[in-house]
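The values are calculated or read from the model by the stated rules, or taken from the named source; none is laboratory data. Please read all numbers here as calculations on a predicted model, not as lab measurements. Heads up, the Cβs are rebuilt from the backbone with ideal geometry, glycines too, and the neighbour counts pull from every protein chain shown. All accessible areas refer to the heavy atoms of the entire protein, side chains included, with ligands and DNA or RNA removed. Shrake-Rupley method; radii C 1.70, N 1.55, O 1.52, S 1.80 Å.
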Amino acid sequence: MEEVKKGGSIPLILDSGNLFFNQNPIPDEMKAQMRLKADLLADAYKKIGIDALNVGELDLAFGVHYLIDKRKSPGLPFVSSNIVHRDGGKEVLQPYIINAVKGIKVAIFGLIPLLPNLGNDKDVKLLSPFDAARAMIGKLKGKADLIILLSNLGQQEDEELAREVPGIDLIVGGRTRVLLQTPIKIGNTMILQ
């Protein structure tokens, strides 16, 4: 699983989730239009060279398998550490990515909140974001110089996670949709929105 992608001189381009859709479920009469919009966004992200893209709950409007199909297209590096197969518990998408940026190994993983259901995706389940984060820190410690979490949990849970799970250097959150003028620091973790 240790894939190290060589970075250049540009900063990392990251997305914390909820990229493709603005609602879930999507009304039947809007499904074709929303698929076209998602295809356009995917193509744009490939062209700008996205380094990691977390899954948000709105991205699941067409189910996890829709994202698996999107992931097969080169240039869409989805990460999710807590969406797993119901039988066996193996991650459905890549759980993390390690990029080398100017000689620094940067590990990036993603989390989605526990949701009441995953629609038609009966063969997958969600793990506790806190348990998944602890497992990722255990796997990534010593493999990277910097560990980044792409979070779709919301600012309150991001802060709680920073307190309870040491080892995350940076949390890039997005669910709350609040622009923090100044990053929040909890312990050794910086939180951005």
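Results, tabulated for the structure shown:
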| read-out | value |
| --- | --- |
| Segment 64-85, subset open to solvent by less than 10 Å² (accessible area, probe 1.4 Å) and either in contact (Cβ under 8 Å) with a residue 60 or more places away in the chain or outside any strand (DSSP E or B) (or both), residue farthest from Ile108 (Cα to Cα) | Val64 |
| In segment 23-63, residue farthest from Arg175 (Cα to Cα) [restricted to those that are in contact with a helix residue (DSSP H, G or I) (Cβ under 7 Å, 6 or more places away or on another chain) and assigned to a loop (DSSP other than H, G, I, E, B)] | Ile26 |
| Inter-residue pairs, beta-carbon under 8 Å, first closer than 16 Å to Asn152 by Cα and in segment 179-193, second assigned to a loop (DSSP other than H, G, I, E, B) and modelled with pLDDT of 95 or more, 6+ apart | Met190/Asp169 |
| Answer residue from segment 15-30, given it is more than 25 Å from Glu91 (Cβ to Cβ) and in contact (Cβ under 8 Å) with a residue 24 or more places away in the chain and is surrounded by the most Cβ atoms within 10 Å (Cβ to Cβ) among those | Ile26 |
| Whichever residue in segment 136-153 is open to solvent by 10 Å² or more (accessible area, probe 1.4 Å) and of a type outside the set (A, V, I, L, M) and, among such residues, is nearest to Leu14 (Cα to Cα) | Asp145 |
| Complete set of residues in segment 174-189 that are open to solvent by less than 70 Å² (accessible area, probe 1.4 Å) and more than 17 Å from the chain's Cα centre (by Cα) | Val178, Leu180, Pro183, Ile184, Ile186, Gly187, Thr189 |
| Residue count for segment 154-173, restricted to those that are under 16 Å from Val55 (Cα atoms) and surrounded by fewer than 18 Cβ atoms within 10 Å (Cβ to Cβ) | 1 |
| Of all residues making up segment 62-96, the number that are closer than 15 Å to Pro129 by Cβ, out of contact with any Pro (no Cβ under 9 Å at 6 or more places or on another chain) and among the polar types (S, T, N, Q) | 0 |
| Selection status of Ile98, open to solvent by less than 10 Å² (accessible area, probe 1.4 Å), modelled with pLDDT of 90 or more and within 19 Å of Gly154 (Cβ to Cβ) | no |
